[in-house]
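Asks: Before anything else, here's the structure in question.
The values are calculated or read from the model by the stated rules, or taken from the named source; none is laboratory data. Note that the coordinates shown come from a computational prediction; the quantities given were computed from them, not determined experimentally. Backbone-built Cβ (ideal geometry, glycine too); neighbour counts: all protein chains shown.
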Amino acid sequence: MSWGGEQGVRISLSAVVMALRRNVLCVLTTEDADHALALPSGPFDPANDRTFERALRAFVTAQTGFGLGFVEQLYTFGDAGREAPRATPGPDRRREISVGYLALTDEAVDMEPPGARWTPVLDIFPWEDRRSGSPASLQMIMPALSQWAQDDPPRASRLETLLPVLQTGRWDEARVLERYELLYEAGLVAEAARDRDLTPELALGDRSMASDHRRILATGLGRLRSKLRYRPVLFELAPPTFTLSALQAAAEAVVGLKLHKQNFRRGVERTGLVEATGRVSTGTGGRPAELFRYTGAGPGDGQAPGLALPTLR
């Protein structure tokens, strides 16, 4: 592989850092040179950067002031036929490969560098928020997709295949990327219009992002949602002590679905992941609620399980 010149490849590193702020799932964002909403990111320099992860940590700290803890690699994006990210400017026009990482934190402190802030994730993907039923943006999306697929057999086949990821009764909260990819392909999100030099067709109330950053964020949100069911990742976003109502609200903020209160609590208790602290919270606005903490261990062989997510039907 060549790292420079006309045949070279430019590798970009991006971080999806997510936290809960007042029971709102947020992602750490900054701005690119054109003031577009962006993930903390930067180019990997093979001559000076020892590893991808070290370079990523340096970018995040320099751009936001935030120090990353544990990170995991999400995915490497490098589709040859995709318009975003575009080739680098200048005479070499190197193809760009994007490597995304996911990090979770319970320390969503205010950011000081200009442009750095915590942005609500569901403001970027409003169709992913089903806590109050089918969102208005999805009601606009479905007719537009039908129009897009009309009289075009390949598009119609693609839409039919992906209808389950859009339908209310068969909604899979983890398939965030597939939904975004379909909307991009159909030209219904701002990035698609930008990459094709067109005017956006719909006003979905969503927020676009620089380059392919919304695609990377969709991957991160889908990964987080799927991990909730088999790993106790929700506690990485939770404070040291919490009420079960607050824990449920946190889970709902992540999955974008309303959960059944009694079944959720029973599921949490069965995991053995929490224990009562013997103290109560008086800041709930109602009668005092018992405070719990994460024990860090599950039943059986000690492999901590995820949480059941019993949705309301």
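Asks: Residues M142, M111: which one is touching a Gly at 6+ places or on another chain (Cβ under 9 Å) and either crowded, with 16+ Cβ neighbours inside 10 Å or of a type in the set (A, V, I, L, M) (or both)?
Replies: Only one candidate qualifies: M111.
Asks: Please verify whether the range 220-234 includes one or more residues that are of a type in the set (D, E, K, R), free of Cβ contacts under 8 Å to residues at least 24 places away in the same chain and surrounded by fewer than 21 Cβ atoms within 10 Å (Cβ to Cβ).
Replies: no
Asks: Determine which member of the set Q262, Q248 is without any contact (Cβ under 8 Å) to a residue 40 or more places away in the chain, in a helix (DSSP H, G or I) and buried (at least 20 other Cβ atoms within 10 Å of the Cβ).
Replies: Step by step, each of Q262, Q248 is checked, and only Q248 is without any contact (Cβ under 8 Å) to a residue 40 or more places away in the chain, in a helix (DSSP H, G or I) and buried (at least 20 other Cβ atoms within 10 Å of the Cβ).
Asks: Go through the range 193-202 and give me each residue that's free of Cβ contacts under 8 Å to residues at least 60 places away in the same chain and closer than 21 Å to P143 by Cβ.
Replies: Residues satisfying the conditions are A193, L198, T199, P200, E201.
Asks: Consider M18 against the criteria (1) in a loop (DSSP other than H, G, I, E, B); (2) modelled with pLDDT of 85 or more: it satisfies all of them except one. Which criterion is unmet?
Replies: (1)
Asks: Please work out which residue is surrounded by the fewest Cβ atoms within 10 Å (Cβ to Cβ), limiting yourself to the range 189-219 and to residues that are of a type in the set (V, I, T) and not assigned by TED's automatic domain parsing to the domain that holds E173.
Replies: Filtering first and then ranking leaves T219.
Asks: Looking at the range 39-55, can you tell me whether even one residue there is in contact with a His (Cβ under 7 Å, 6 or more places away or on another chain) and at pLDDT 95 or above?
Replies: Within the range 39-55, one or more residues are in contact with a His (Cβ under 7 Å, 6 or more places away or on another chain) and at pLDDT 95 or above.
Asks: Of the conditions (1) of a type outside the set (G, A, S); (2) part of a loop (DSSP other than H, G, I, E, B); (3) buried (at least 19 other Cβ atoms within 10 Å of the Cβ), F70 clears all except one; give me its number.
Replies: (3)
Here is a yes/no grid of residues against (1) in contact with a His (Cβ under 9 Å, 6 or more places away or on another chain); (2) among the β-branched types (V, I, T):
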| position | (1), (2) |
| --- | --- |
| T105 | no, yes |
| G115 | yes, no |
| R131 | no, no |
| A144 | no, no |
| L159 | no, no |
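Asks: A further question follows. If a residue counts only when it is closer than 22 Å to L217 by Cβ, at pLDDT 90 or above and hydroxyl-bearing (S, T, Y), which helices (runs of 4 or more DSSP H) contained entirely in the range 121-204 have at least 1 such residues?
Replies: Working: elements: 121-124, 136-149, 153-162, 176-185, 190-195.
Filter on the range 121-204 gives 176-185.
Asks: A further question follows. Can you report the number of residues in the range 208-230 which are assigned to a loop (DSSP other than H, G, I, E, B) and either touching a Leu at 6+ places or on another chain (Cβ under 6 Å) or hydrophobic (A, V, I, L, M, F, W, C) (or both)?
Replies: Quick first cut of the range 208-230, residues assigned to a loop (DSSP other than H, G, I, E, B) only: 208-212, 228-230.
Okay, now just the ones that are also either touching a Leu at 6+ places or on another chain (Cβ under 6 Å) or hydrophobic (A, V, I, L, M, F, W, C) (or both), so 209-210, 228.
Within the range 208-230, residues that are assigned to a loop (DSSP other than H, G, I, E, B) and either touching a Leu at 6+ places or on another chain (Cβ under 6 Å) or hydrophobic (A, V, I, L, M, F, W, C) (or both) number 3.
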